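Below is a structure I'd like to ask you about.
Read-outs: derived from the displayed coordinates by stated rules, not from any lab. Bear in mind the structure is a predicted one, so any value in this text is a computation, not a measurement. Ideal geometry is used to build each Cβ from the backbone, glycine not excepted, and the neighbour counts take in all protein chains shown.
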Amino acid sequence: MRRKKTPDKSPASAVTPALVMRLYVVNSAPNSLLAVANLAAICKEFLQDNFKLEIVDVLEQPLRALADGILVTPSLAKLSPSPAANIVGNLSDKSGVMRALGIRG
Amino acid sequence: MNGMKKVTLPLLPKMATGIQGFDELSHGGLTLNRTSLLLGGPGSGKTVFALQTLVNAARRRDEPGIFVAFEETTRQIIANAACFNWGLPALARNKLFFLAAQLSPEVVQSGEFDLSGMLAMLKAKKQEMGARWIVFDGIDVLLTLLQNPIAEMQEIYRIRDWLADNEMNAIVTAKIEGGSSEAVNYGFMQFMMDCVIRLDRRLEHGVSLHRIQITKYRGSDFVAGEYPVSFGPAGMEVGAPEPSEIKHAASTERISAGFERLDMMLGGGLFRGSSTLITGVPGTSKTTLTGKFAEAACRRGERTLFVSFDEGAEPIMRNLASVGIQLRPHVKSGLLRMYSARTESIGAEDHLIKLKALIREHRPRCLVIDPLSAIAKAGGLAAARAVANRIIYMAKDEKVTVMITAISEGDDPQTEATELQISTVADTWIHLSYIVRSGERNRALTIIKSRGTWHSNQVRELVLSEAGPMLADVYTAGGEVLMGTLRWEKETEEKATKKQRRADVDLKQRELQFAEADTRVRIKALELDLQRQRAELALYSRDDEARTLSSSERENELRKMRSADPAGHATLAPANAKPKGANGSGNSGNGKKVRKEAHDAP
């Protein structure tokens, strides 16, 4: 079980609610590693600290991923604010990912 | 082939799929812990094959399984399978796990993804439930999402490696359009898999036909060629190939063909387990004969299956009741099973499979198929011919006595031979025809052949009445059997002639008796006459003696009186004649004497 948590949300962006996300990966798989890197870049560039990201390694918590309805990896779930969204793939399409997460660039 | 089988079997342990017919085709099922690929167009039965294998493994061997559905949701799959008697909802609660692996349309795709996560989850699930089987149903749907041939190949490899690591019996299904594997990776996939099975659905003469073919089976022999597939309550069934060797036991037990006179014509009835073909143009009461056969079987307490094509069971039973054949009570008691099928709905081979299932289910001793020729309507004549033969062989294998009808095109039985060509396979062949003569149409029954038994060669009239079918007495005239009114006339005529003849005989007898009596009377009269004559004769001869004696005495007296010497006797004789005429008395006596002299003279 590995959980990566970003630092606490910053008071500066209190106007917009924090983005809560969960990324399902298989840590040994290239697409998963790529997804982690791509998401980290987007977060760093546009969200500063106003987000919460949980990274679930499916190899470690397979039954949890199964219960969560995950099929392929990498798979990113936007949990809040609504609307919820799901993105699959290595998140290489930056603008598409931002659109799905509701991040204005 | 057998030698090869002996070598390969120990190396490749197989797991039966439990799909009727397929385990025969594949010589035992699918290879243990290997992956089989099912290829086929939409609606060709891939999902049913895969799911049925899982269901059978879970139910029969208590082997849990995982079903990964890329195309359909779990609910859809369970709903679709509800038409089969698998009890899927219950199995889905404990023995089978369904993973609905569809990416929702709302899911945004951004860049490449892979199946490593899914396989990790499935491994965990497998360990949790101890699954022995896994199905990846509709993997093509997943692969198209990858949008990259190289990625597709990578994922296929990933699955293969995963399966190898996890030691599961696996089935992967993929859709192919137009019966050919257009996508490069399907060829690649086929190369990777140990066993490749193709399912096909095509239209032939407007009928949807399902086929199955094993195109590759690594390390195992299998039955090559396409075989028909059909779907029944137990799921998919494959029309497995027939053994080339015929091993039918021949029974000498006779059973009734329906009614006594027909049995008599057949030399005592039909042999148990034999097949009888009844041909005839429409309306020659083929169904009636089969109905009578079925009724007779039920009356003996034998389970019977009555299969009718293109006519419902209800109208058949009603129509048969009008000629005194009651099938309904036997249907109620469960002895008789009526099954009606529309021929166009499915192909000939599907009918065969259905029939097999029915025979397995009902276990009949007697079987009626009316009319078998109807199967030629669906799916072409060649298939129908093969099916017709197989039905007969199948019935023989099961020791079922079968009666089959076939509609012939013309009244000539020879035309039947060109239609389904079952006449050579059938043991007994009865032909029904109309004979039109003197403005009448009458049903005629001929036994064309009956193997291993004496049978009548005569054409007989088949008469239907409320008491059922029967064969009329034979009246022949000019070498032809008379029928209908002609027969009736002949019958009446014969009765009249008989009466006349009897009267004639009576008369003649009486005449002769009279004549005899007359003769007797005459004999009596003559006898009396004879007696009288004899008496008279006797009387006369005595008279004559007396007279002769008296005359000689008188002569002597006369001589004495004339004192004539005895020498004078010589002259006396002529002198004797004189007094005859002279004395006038004793005329008759005189005459007699003359007669006597005349008699003596020569």
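So, in nm, how far is label B:Asp544 from label B:Arg218 when the simple model puts each one 7 Å beyond its Cα toward the Cβ?
14.5 nm
Just list whichever of B:Lys292/B:Lys490; A:Lys52/A:Lys94; B:Lys286/B:Lys449 have alpha carbons separated by over 21 Å in the model shown. Kindly include the intermediate steps, with their values, before the conclusion.
On the way: B:Lys292/B:Lys490 29 Å; A:Lys52/A:Lys94 19 Å; B:Lys286/B:Lys449 17 Å.
Violating the 21 Å limit, Cα to Cα: B:Lys292/B:Lys490.
Over 29 Å between C-alpha atoms is what I'm after, so list which of A:Lys78/B:Lys46; B:Lys332/B:Lys354; B:Lys123/B:Lys354; B:Lys332/B:Lys399; B:Lys14/B:Lys354; B:Lys46/B:Lys123 land there.
On the way: A:Lys78/B:Lys46 36 Å; B:Lys332/B:Lys354 22 Å; B:Lys123/B:Lys354 40 Å; B:Lys332/B:Lys399 25 Å; B:Lys14/B:Lys354 27 Å; B:Lys46/B:Lys123 24 Å.
Violating the 29 Å Cα-Cα cut-off are A:Lys78/B:Lys46; B:Lys123/B:Lys354.
Which of the aspartates and glutamates could be linked to B:Lys356 by a straight reach, that is with a Cα gap under 12 Å, when you skip same-chain ones fewer than 8 residues away?
The reachable aspartates and glutamates, counting only those whose Cα sits under 12 Å from B:Lys356, are B:Glu237, B:Asp397, B:Glu398.
Same structure, new question: Apply 1/(1 + (r/R0)^6) to the Cβ-Cβ distance of B:Thr485 and B:Ser340, taking R0 = 41 Å, and write down the FRET efficiency to the nearest 0.05. Before the final figure, lay out each step's value.
Details: r = 37 Å, r/R0 = 0.90.
Approximately 0.65, to the nearest 0.05.
For the range A:32-40, in order, what is each residue's ³J(HN,Hα) by Karplus, 6.51 cos²θ - 1.76 cosθ + 1.60 with θ = phi - 60°, in whole Hz (x at glycine and Pro)?
In residue order, the calculated couplings are 5, 5, 5, 5, 4, 5, 5, 5, 4 Hz.
Tell me which residues come under 5 Å, amide H to amide H, from B:Gly280 once H is placed; ignore anything under 5 positions away on its chain.
B:Ala406, B:Ser408, B:Leu432
Under the rule of at least 5 residues apart or a separate chain, name every residue whose amide H is placed under 5 Å from the amide H of B:Gly267.
Under 5 Å from the amide H of B:Gly267: B:Ser456.
OK, next. Checking the cross-link filter: which aspartates and glutamates have an alpha carbon closer than 18 Å to that of B:Lys498, excluding same-chain neighbours under 8 positions apart?
B:Asp473, B:Glu489, B:Asp506
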